[in-house]
Amino acid sequence: MKSILISQISDLHINGAGSIALARIESMAGAIGSLRGAADSVLLLITGDVAYSGRKNEYDAAIVALNSLKNKLLSEWKFKDVAIFVCPGNHDCDFETIKPAVQDALIAGLGGATQGDQLHVVETLATSQSAFRDFSDAISEGVAAVNPVVSTGHVNMSGRGVNVLVVNTSWSSRLKERPGALRMPSDVLPSLDITSDISIAILHHPLNWYLPQDGKALSDWLDLHADVALWGHEHRADNFIISRKRFASSVVHFLATPVEDSSAACGFRVICLHSDNKIEVSSFEWRGDRVQSVEFHEDYLAKNPARELGQVRFSREFKSFLLDAGAAFKHPRIERSLQLTDIFIDPVFKKFSSGSEEKVDFSITLEEFNSDSTGQCDVIVYGPEQAGKTTLAKFFIEDARHQGITPLYLDASKLRSTNRGDVTGWINSALSYQYEGDCVDLVKQLELSKKVVLVDNLHQVPGNAKVVRDIVERLQLLGGRRMFLTAQNPAITLLAASNNSGDDVRLWSEAKWYELLPLNNKRRGDLIRRWAALGRDEHSDSESIEADVRQIKALFDGVLGRNFMPKYPFFLLVLLQQIEVGRDVNTIVRNGSHGHIFEALITASFENNLRCHEIGVTHDFLSLLAFRMWGGPESSISESGFIGLIREFQTENLIQLSHPQLINELIAAKVLQSEGGVISFRYNYFYYYYLARWISSHRSSEDAGGVLDGFVETIHTETSANVVMFVAHLGHEQWVIEKLIPAAANLFSTAEECRLSEKSVLAAKYAADQKEVVLLVGDPTVVSDHHHAVQDQMVEVSNEQMEDAFKFNTAVKIIQALGQVLRSRAGGIGGEQKVAIATASISLARRLMTNLYEVAEDSAEFLIENASEIFETEVKVDSREARNMANRLVAAVIGGIAKSLVSRAADVFGTRELMPLIDRMDAIAQASGDLDNALIVLVARIGAERDYPRERVEAMLKKLRLADVLPRAALAHAVVRGFYLQPPPHAIRDSACARLGIQIRNVPTRLQGLPKPRG
């Protein structure tokens, strides 16, 4: 008979000789014995909380009871073998042996500690389990400690072997525990060399009780070492399988009921494991003094295929490389530097067709990429510097390994030369770095079909296309598949190949090319969510996490612009880290005070790179460089022009600049770039900042004033808007305001300020209604994702086209600029000037509305006629329905004008720190009886206050007629936006929506009728 009974016993909570659990242990013998006909051996696995408070007398009682159970199974029920293994739980800690302050300090010290230091911390904290360790030594045989966290045992029963992995999850337990707080750093989880027999891990705390990154580390560890995981602690029976397609892993999990608990059903489980891995699971509960069978089911225990990956082991150094996030990112809720697993999100790709001059115009997901890129042909991924190519390589390494494919990672930047000896040394060095010493020969001897070669930084291979081809062909001998990552644009690579031999052309043209895309709105939201959730319980804190996601995303949308800086993870993470410095999020988002964020980025760029010059001198030179580039073509300068500018700067300032050291350091710092003899700033925000710095430092000159005037006149362009904002940030807010307010007054100066009640007649003509305002509800994450997906598919194109078509972008940008200056430089602006800024912004927004409504009224019928024809022919509806659809389109435009511009004007001063200004503007509006101004001030208040201003909204509604559909719609829109960014309690939400005619709808499962997003 080759079957084994595996009895999972948990949470005994023995508090002394009179404990209920002691009698229940004795009564288990009959229940387990009743299954004697199915098996002849018993494995008793205890998943923690043997004692109640970790005291010796409690374990003394447990030893007597468990030995009695073992003896009964052997003598009365004639089992051939009985073995016991036990792991500690939180009740197995004697918390009186360690002071809470010491415990807190030790746990805090885990952040950034070496592996040795982390294990020392675990060992020190585990002194509270000393009585448990004595108990375990007495009750278990053949258990060997690998480190303070993991011990292993192996038994041979009924003709088969079983590995038992004993995991101490409670070393960081506290007297009062909460989910998401326990620690289990990946470095304390050892790589194990165990037999191929079935492997059962026994642990106390399930995965949701750890910090998110630690829970993932433990789950990953189980993927590589366990077939079954038995858990205690939660006092509930459950079993499930966690399978990860990406990792090719499958681990069966069993959660246990307690042996003793006053508030939960008490029982235990027995799993009969047969030789063919068929299992029969029997669950028992105590009903009074009797043990009763309550559940039975059969299943098949498939071995976890991912365990086989442990045969070829990565080196510790390479494991650290795989976890490295690429920079020392810090988070206030995480005590160590962040790891890649904390912040990785799936990238998006665009396939590049080498047979055409254009890229295919749609994006594909990581899953689609994996499916599309399979096969024997080479795969090449292109992305600019710091686009995340090395991060992607790390993902592919892990992904390949978990699919049973052995990866070989080669970094072309470390290839010194292309002679044969150096190439051989490069490959051998990579193998030695990546794998443990005893695995290198095994990797070399693996079949090619079971290996993949990943070459990072292909563009840094020294030599021409022929040299690269020779190296690539040599790599064919290392793996059946090859993937290359490069910063060289595919079009340039193919062009270079076409000028060489036919073999060179074929080398690249037959490969599959992909471009690594910047993050779209959906992916930026995903990354922000990963950041916001760090160190928090993603379930209990989901609403507050999502509020942070929405507010930070709003900041990114307002600050980044289209080309301000690359929208790749590295840059966004740097911004997120800077945002954390200035918490709270509400203040940063609503104030738009982002100048200091980018100034910090610029300063950080010089760290460890600028050595030959003082940073102040470098700032001054770069300011002059930006000014000269602005006056030249394409914001760049030739190398000869750069050298000439160095000489000019030295002559005028009597300061020595070293060349080429200066240009080399600025390129190393990624401030400048040099391509084809042309020098430019690497990222736009450097260019904007230094151009603003030149203007600021030359304010007394007429030239600087004229330059600033020119930027104000063209403020609708991204360059001008950002330069103006940086000038204000550099301490010249008064100067900027003196330019912007007259510019605002001169726009549409002959137009009257719009009265929305009068324009409601136009809205009524085309059935525009505030009831079209919708608040989506549902899972907070799904609602946010839907909002981001809509942004990807519609907003960027439609808003830009509308503003450009009517040439009103200048007015909108001036309103936006006035708001950013007011909010970010509020301390340097006097009270009356604040009122002047708010008044000018409101007036310009209302005059702009007047002009837009005139255009809408003049063109509405023409638009309806043309739109009706399109709907009738393209959508295939009858003429009546086509006309109705066209009417709704015009109605949406009419309603959108009021919603958009009322919000834009309110955003100028709609921040909590400016509440005194809001009160002042409200008093002015009330005194004048101007209902439209009062409406805009109320919308500003909705955005600024923490709580929904119900009484003020009610007061406004009493003043508005039912026919005033436009002001009602603008107010409803502002409430929906406020509820999205800062969700209120449901009772307040539902009442407000009912009063304002806002429709509450569940978020749709997919977007209806919208095109596929582009990248």
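The amide H of residue 253, built 1.01 Å from its N in the peptide plane, has 229, 240, 241, 242 as neighbours under 5 Å, considering only residues 5 or more places off or on other chains. For segment 813-938, dividing the convex hull volume of the Cα atoms by the residue count gives 123 Å³ per residue. Taking segment 294-353, how much of its Cα-Cα pair set, in percent, is spaced more than 14 angstrom apart? Value for segment 294-353 (Cα pairs over 14 Å): 76 percent. For segment 4-310, DSSP calls about 60 percent of its internal beta bridges antiparallel. In summary, segment 750-1002 shows an alpha-carbon radius of gyration equal to 1.03 times the 2.2 N^0.38 Å reference for compact globular proteins.
Starting from one equal scatterer on each C-alpha and no solvent at all, send me the Debye-based log10 I(q)/I(0) for segment 598-678 at q = 0.12, 0.17, 0.21 Å⁻¹, two decimals. The Cα Debye sum returns log10 ratios of -0.32, -0.68, -1.06. Relative to the longest principal axis of the Cα atoms of the chain, the long axis of helix 115-125 lies at roughly 60 degrees.
Listed from fewest to most Cβ neighbours within 10 Å, the set 694, 77 follows the order 77, 694. Over the Cα atoms of segment 213-302, what is the Rg over Rh ratio if Rh follows Kirkwood? Checking Rg against Rh, the ratio lands at 1.03.
Relative to the longest principal axis of the Cα atoms of the chain, helix 521-533 runs at roughly 50 degrees. How tilted is helix 915-928 with respect to the longest principal axis of the chain? Cα atoms for both, answer in degrees (0 to 90, nearest 10). Compared with the principal axis, the helix lies near 40 degrees. For segment 868-972, the relative contact order works out to 28 percent when only alpha carbon pairs closer than 8 Å and six or more residues apart are counted. Pairs spanning more than 30 Å between alpha-carbon atoms, out of 522/739; 56/99; 813/876; 303/389; 512/553; 72/216: 522/739; 813/876; 303/389; 512/553; 72/216.
Here the sum of -39500 (n - 2.57) over DSSP H runs of 4 or more residues, divided by the residues of the chain, equals -15500 deg cm²/dmol at 222 nm, to the nearest 500. Straight-line cross-link partners of residue 78 among the lysines, defined as a Cα under 19 Å from its Cα and at least 8 positions apart when in the same chain: 2, 70.
Of 409, 688, the sequence from fewest to most neighbouring Cβ atoms within 10 angstrom is 409, 688. Each listed q (0.09, 0.10 Å⁻¹) maps to a log10 I(q)/I(0) for the chain, found by the Debye formula over equal Cα scatterers with no solvent: -1.15, -1.27.
Counting only residues at least eight positions apart within a chain, or on another chain, the aspartates and glutamates with an alpha carbon under 12 Å from that of residue 670 are 385, 607.
Converting phi to 3J(HN,Hα) with the Karplus coefficients 6.51, -1.76 and 1.60 and the offset θ = phi - 60°, segment 25-34 yields 4, 4, 6, 5, 4, x, 5, 5, x, 4 Hz in sequence order, with x at every glycine or proline. Taking every alpha-carbon pair under 8 Å whose residues sit at least 6 apart, the chain reaches a relative contact order of 8 percent.
Backbone geometry of segment 853-864 corresponds, through the Karplus equation with coefficients 6.51, -1.76 and 1.60 at θ = phi - 60°, to 3J(HN,Hα) couplings of 5, 5, 5, 4, 5, 5, 9, 4, 5, 4, 5, 5 Hz, x marking Gly and Pro. Every pair of different Cα atoms in segment 600-744 enters the Kirkwood calculation, which places the hydrodynamic radius at 15.8 Å.
With Cα atoms as the point set, the radius of gyration and Dmax of segment 4-310 evaluate to 18.3, 55 Å.
Laboratory data are not the source of any read-out in this text; all were calculated from the coordinates shown. Note that this is a predicted model, so its numbers are computed, not measured. Cβ sites come from the backbone with ideal geometry, for glycine too, and all protein chains shown count toward neighbours.
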